[in-house]
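The structure appears below as structure tokens.
The values are calculated or read from the model by the stated rules, or taken from the named source; none is laboratory data. Computed from a prediction, not measured in an experiment: that's the story for all the values here. When we count neighbours, we look across all protein chains shown, and the Cβ atoms used for this are built from the backbone with ideal geometry, even at glycine. Ligands, DNA and RNA are stripped out before the accessible areas are found, and what is left, the full protein with its side chains, is counted by its heavy atoms. Shrake-Rupley method; radii C 1.70, N 1.55, O 1.52, S 1.80 Å.
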Amino acid sequence: METTPKPVEPDLMALFLGFSSVGLSGFGGVLPFARRMLVEERGWMTAEEFNTQLGLCQFLPGPNVVNLSVVVGKRYQGVAGAIVAPLGMLAGPFLIVLLLAMLYDHFGSLPLVQGMLRGVAAAGCGLLFAMAWRMGNSIKSKRLFLPFSAFTVLAIAWMRWPMPYVMVVGLVLSGGLAYWMLGRK
Amino acid sequence: MSLVIDLFLEFVLLSLVAFGGATALLPEMHRVVVEQYHWLDDQTFTHLYAIAQAAPGPNVLVVALIGWEVGGLPGALATTLAMCLPMSILIYLLIDRWEGFSGQRWQKAISLGVAPLAVGLIFSGATLISLAASFGLVAWGVVLAVMVINLRSGLHPLWLIAAGALLGLGGWL
């Protein structure tokens with residue numbers, strides 16, 4: 001049998017610092033860093049626990065990593081942990097972002113800065129299209145489900161309908177189809 | 001004060017439909033913040049998106065930037081809290097029962113059903129930001145090149161962001 005190191009119960013300070021390190025480490029998403037910290041570095045969760053609990057975090061709407069920090073915080077320190085862990089995750093990046101916002105307020109009108117931000121936005125959009133492509137590619141039964149992607153683009157980007165309505169309608173139709181398919185097997 | 005309350009309530013509503021995280025919310029944030037309330041113009045919205053791309057941390061923090069530009073520090077706190085609080089509370093209450101409903105037919109159906117919608121949302125976000133920035137031919141070339149390189153190679157996205165920044169600094173876009 002594999003011997004696993006006995007996980008140390010993190011106190012509030014450890015939770016805050018652990019999630020701070022995660023929050024500050026990633027660009028364009030910190031989930032891989034969260035996994036490394038929780039599973040590999042500190043042993044606060046096993047790989048299976050991580051996968052199961054991440055399931056709910058991804059199932060519910062909202063920022064997955066924040067949801068995950070709430071779960072881990074609750075597990076070790078109850079309500080206090082569930083407050084301190086997401087705070088640790090967000091405090092550092094929040095301050096950095098505000099600092100950047102202040103810089104932008106002062107220098108944002110300079111043509112050089114505007115040009116740079118345009119370039120970053122263009123690269124960012126390229127990354128978003130790539131992400132959409134990759135996610136679309138991993139969908140099973142593409143012929144049945146990709147029309148719902150098209151419907152979403154039409155409703156959101158073209159018609160500019162409010163997203164809550166679009167999501168409710170889309171989820172009823174797309175989820176309904178999935179529910180029916182799951183029942184046929 | 002009423003501005004901060006409006007911000008808070010609008011972003012609470014957004015958080016409830018944020019399947020796919022903050023990235024999937026870009027189109028709706030643009031609709032609410034730019035088109036409905038005119039809190040920001042197209043250009044500022046694009047710039048804030050770019051700043052969030054270049055900053056470290058969870059990508060939900062783009063909402064802090066928007067909140068800051070609309071309502072200063074109270075605005076930034078309002079949007080961030082609104083985006084994180086409702087689902088944090090729900091997950092706190094639900095996590096112990098997750099094992100019970102994970103894997104059930106309705107749970108799988110929602111997960112399967114939401115995926116194509118998230119694809120559409122992210123595609124819409126990229127399209128709307130490109131339109132809001134009124135990219136020219138060269139900028140669209142950069143968009144396309146970054147997409148292809150990102151799909152075909154293991155190059156870290158940060159390099160692509162840096163390349164975009166340099167091209168922009170040079171005034172080519």
Check: Does any residue of the range A:121-130 turn out to be more than 7 Å from every other protein chain (Cβ to nearest Cβ) and at pLDDT 95 or above?
Finding: no
Note to self: Could you tell me how many of the residues in the range A:150-170 are open to solvent by 40 Å² or more (accessible area, probe 1.4 Å) and either outside any loop (DSSP other than H, G, I, E, B) or in contact (Cβ under 8 Å) with a residue 40 or more places away in the chain (or both)?
What the structure shows: 7
Next item on the list: May I ask you to say which residue of A:S149, A:S138 is farther than 30 Å from B:G171 by Cα and modelled with pLDDT under 95?
Entry: A:S138
Item checked: Complete set of residues in the range A:25-43 that are farther than 15 Å from A:G73 by Cα and in a helix (DSSP H, G or I) -> A:S25, A:L31, A:P32, A:F33, A:R36, A:E40, A:E41
Checklist line | Yes/no for B:G113 being closer than 30 Å to A:A150 by Cβ and either at pLDDT 95 or above or facing chain A (nearest Cβ under 7 Å) (or both) | finding: yes
Margin query: I'd like the full set of residues that are open to solvent by 10 Å² or more (accessible area, probe 1.4 Å), in contact with a Leu (Cβ under 7 Å, 6 or more places away or on another chain) and not assigned by TED's automatic domain parsing to the domain that holds A:V30, limited to the range A:90-126.
Written below: A:L112, A:G115, A:M116, A:R118
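Take the conditions surrounded by fewer than 24 Cβ atoms within 10 Å (Cβ to Cβ) and either of a type outside the set (S, T, Y) or within 19 Å of A:M135 (Cβ to Cβ) (or both) and apply them to B:V32. Does it pass? Spell out how you get there, then give the answer.
On the way: surrounded by fewer than 24 Cβ atoms within 10 Å (Cβ to Cβ): yes; either of a type outside the set (S, T, Y) or within 19 Å of A:M135 (Cβ to Cβ) (or both): yes.
Judged against the criteria, B:V32 is a match.
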Check: Picking from A:S149, A:S109, which residue would you name as being more than 7 Å from chain B (Cβ to nearest Cβ) and polar (S, T, N, Q)?
Finding: A:S109
Note to self: Please verify whether B:E10 is open to solvent by 10 Å² or more (accessible area, probe 1.4 Å), of a type in the set (D, E, K, R) and within 20 Å of A:P162 (Cα to Cα), treating the condition exactly as stated.
What the structure shows: yes
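Going through the range A:171-185 one residue at a time, which ones are in contact with a Leu (Cβ under 8 Å, 6 or more places away or on another chain) and either small (G, A, S) or free of Cβ contacts under 8 Å to residues at least 24 places away in the same chain (or both)? Walk me through it before giving the result.
Residues of the range A:171-185 that are in contact with a Leu (Cβ under 8 Å, 6 or more places away or on another chain), as a first pass: A:171, A:174-175, A:177-178, A:181-182.
Residues satisfying the conditions are A:L171, A:S174, A:G175, A:A178, A:L182.
List the helices (runs of 4 or more DSSP H) that sit entirely inside the range B:87-173 and contain at least 1 residues that are surrounded by fewer than 16 Cβ atoms within 10 Å (Cβ to Cβ) and within 19 Å of the chain's Cα centre (by Cα).
B:105-132, B:157-169
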Check: Checking A:F19 against (1) open to solvent by less than 60 Å² (accessible area, probe 1.4 Å); (2) at the interface with another protein chain (Cβ under 9 Å from one of its Cβ atoms), which single condition isn't satisfied?
Finding: (2)
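Going by the structure shown, is B:Q53 assigned to a helix (DSSP H, G or I), within 18 Å of A:L98 (Cα to Cα) and open to solvent by 30 Å² or more (accessible area, probe 1.4 Å)?
Yes: the conditions hold for B:Q53.
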Item checked: Filter result (among the aliphatic types (A, V, I, L, M) and more than 14 Å from B:M29 (Cα to Cα)) within the range B:77-89 -> B:L77, B:A78, B:L81, B:L85, B:M87, B:I89
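Those residues that are of a type in the set (V, I, T) and closer than 25 Å to B:G75 by Cα, I need them from the range A:67-98; list them, please.
A:V70, A:I83, A:V84, A:I96, A:V97
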Notebook entry, point to check: Looking at (1) in a helix (DSSP H, G or I); (2) under 30 Å from B:E69 (Cβ atoms), can you tell me which one A:G18 breaks?
Noted result: (2)
Check: Any idea which residue in the range A:66-89 is farthest from the other protein chains (Cβ to nearest Cβ), counting only those that are open to solvent by 10 Å² or more (accessible area, probe 1.4 Å) and small (G, A, S)?
Finding: A:A80
